[in-house]
Amino acid sequence: MLTKKQFELLLFINERLKETGVSPSFDEMKEALNLKSKSGIHRLITALEERGFIKRLAHRARALEVVKLPDTIASSMSAPTRHGRSTPNAPQAANDDNAVTVSVMGRIAAGTPIEALQEEVNQISVPIEMMRSGDHYALEVHGDSMIDAGIFDGDTAIIQSGATAENGEIVVALVEGHEATLKRLRCKGEMIALEAANPSYETRIFRADQVRVQGRLVGLMRKY
């Protein structure tokens, strides 16, 4: 079992290797995990190496190889949607033996944007395997505009905090400073499209300065 910091570091190294082919520096790892010293990173790397998740490549600076990743609860399972299609990000129940507490910051619209909520209203236990590097929060989904992406009214969206996202990712978007919505992000030059996953809803187009990304979807949880 990995600690939260060990898991965050493993994912950060893995993501950086996939993006650039080069291991992150100790300074980059320290900053990503918000640690005060490189010695903390050294201990985490040693722990990951001892557990067989990474190995250091001899005679090469900044050379780490990810040997394996923990079984991911969020992505390794697939479940049928209400329309008979399968979704790779099916919501999963929390594992109390390997979970972290995440703040629920109100409701997010998967439909017509609703006023953003910034205060914690609840807490939820989330499997650590669902988390990525950095801070996370949760939002209760309200609406049906993302049903074809497997996101339904009443689901709890697990969001990785951040101000940037890749084109095509599902994000929390703050529109004109006061309305929040969960949509797929499409960047088109100086314009941003917030795309629904339901043909009943139109794609909304905004100037880039009208939209702020507040995080990207990394997992879902659902009560039955």
Report yes if residue 45 is within 23 Å of residue 98 (Cα to Cα), open to solvent by less than 40 Å² (accessible area, probe 1.4 Å), in contact with a strand residue (DSSP E or B) (Cβ under 9 Å, 6 or more places away or on another chain) and not in a loop (DSSP other than H, G, I, E, B), otherwise no. yes
Do you know which of the residues in the stretch 1-34 that are open to solvent by 50 Å² or more (accessible area, probe 1.4 Å) and among the hydrophobic types (A, V, I, L, M, F, W, C) is farthest from residue 51 (Cα to Cα)? 22
Conditions (1) among the acidic types (Asp, Glu); (2) under 19 Å from the mean Cα position of the chain (by Cα); (3) over 28 Å from residue 126 (Cα atoms): number failed by residue 155: (3)
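Go through the stretch 116-160 residue by residue and tally those that are part of a loop (DSSP other than H, G, I, E, B) and under 27 Å from residue 13 (Cβ atoms). Walk me through it before giving the result.
Restricting attention to the stretch 116-160, the residues satisfying the condition of being part of a loop (DSSP other than H, G, I, E, B) are 116-121, 131-135, 143-146, 150-155.
Now narrow it down to the ones that are under 27 Å from residue 13 (Cβ atoms): 131-135.
Selection size over the stretch 116-160: 5.
Among 65, 15, which is under 19 Å from residue 158 (Cα atoms), within 23 Å of the chain's Cα centre (by Cα) and at pLDDT 85 or above? Can you show your working first?
On the way: 65 fails: under 19 Å from residue 158 (Cα atoms).
The match here is 15.
Restricting to the stretch 156-166, what's the tally of residues that are closer than 22 Å to residue 203 by Cα and surrounded by 16 or more Cβ atoms within 10 Å (Cβ to Cβ)? Working first, answer last.
Of all residues in the stretch 156-166, those closer than 22 Å to residue 203 by Cα come to 157, 159, 163-166.
Still in the list and also surrounded by 16 or more Cβ atoms within 10 Å (Cβ to Cβ): 157, 159, 165.
Result for the stretch 156-166: 3.
Applying the selection to the stretch 194-204, what residues are in a loop (DSSP other than H, G, I, E, B), open to solvent by less than 90 Å² (accessible area, probe 1.4 Å) and not small (Gly, Ala, Ser)?
Here is the first cut: in the stretch 194-204, the ones in a loop (DSSP other than H, G, I, E, B) are 196-203.
Within this subset, residues satisfying the condition of being open to solvent by less than 90 Å² (accessible area, probe 1.4 Å) are 196-198, 201, 203.
198, 201, 203 - these are the residues of the stretch 194-204 that are in a loop (DSSP other than H, G, I, E, B), open to solvent by less than 90 Å² (accessible area, probe 1.4 Å) and not small (Gly, Ala, Ser).
Each row is one residue, and each column tells you yes or no for (1) open to solvent by 40 Å² or more (accessible area, probe 1.4 Å); (2) part of a strand (DSSP E or B); (3) out of contact with any Gly (no Cβ under 9 Å at 6 or more places or on another chain).
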position: 168; (1), (2), (3): no, no, yes
position: 173; (1), (2), (3): no, yes, yes
position: 192; (1), (2), (3): no, yes, yes
position: 215; (1), (2), (3): no, yes, no
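Filter the stretch 176-189 down to residues that are modelled with pLDDT of 90 or more and surrounded by fewer than 19 Cβ atoms within 10 Å (Cβ to Cβ), then give me how many there are. It would help to see each step written out before you state the result.
In the first step, residues of the stretch 176-189 are kept if they are modelled with pLDDT of 90 or more; the result is 181-187.
Now narrow it down to the ones that are surrounded by fewer than 19 Cβ atoms within 10 Å (Cβ to Cβ): 186-187.
Counting residues in the stretch 176-189 that are modelled with pLDDT of 90 or more and surrounded by fewer than 19 Cβ atoms within 10 Å (Cβ to Cβ) gives 2.
The values are calculated or read from the model by the stated rules, or taken from the named source; none is laboratory data. Keep in mind it's a predicted model, so treat the numbers as computed, not measured. Heads up, the Cβs are rebuilt from the backbone with ideal geometry, glycines too, and the neighbour counts pull from every protein chain shown. With ligands, DNA and RNA removed, areas are computed over all heavy atoms of the protein, side chains included. Shrake-Rupley method; radii C 1.70, N 1.55, O 1.52, S 1.80 Å.
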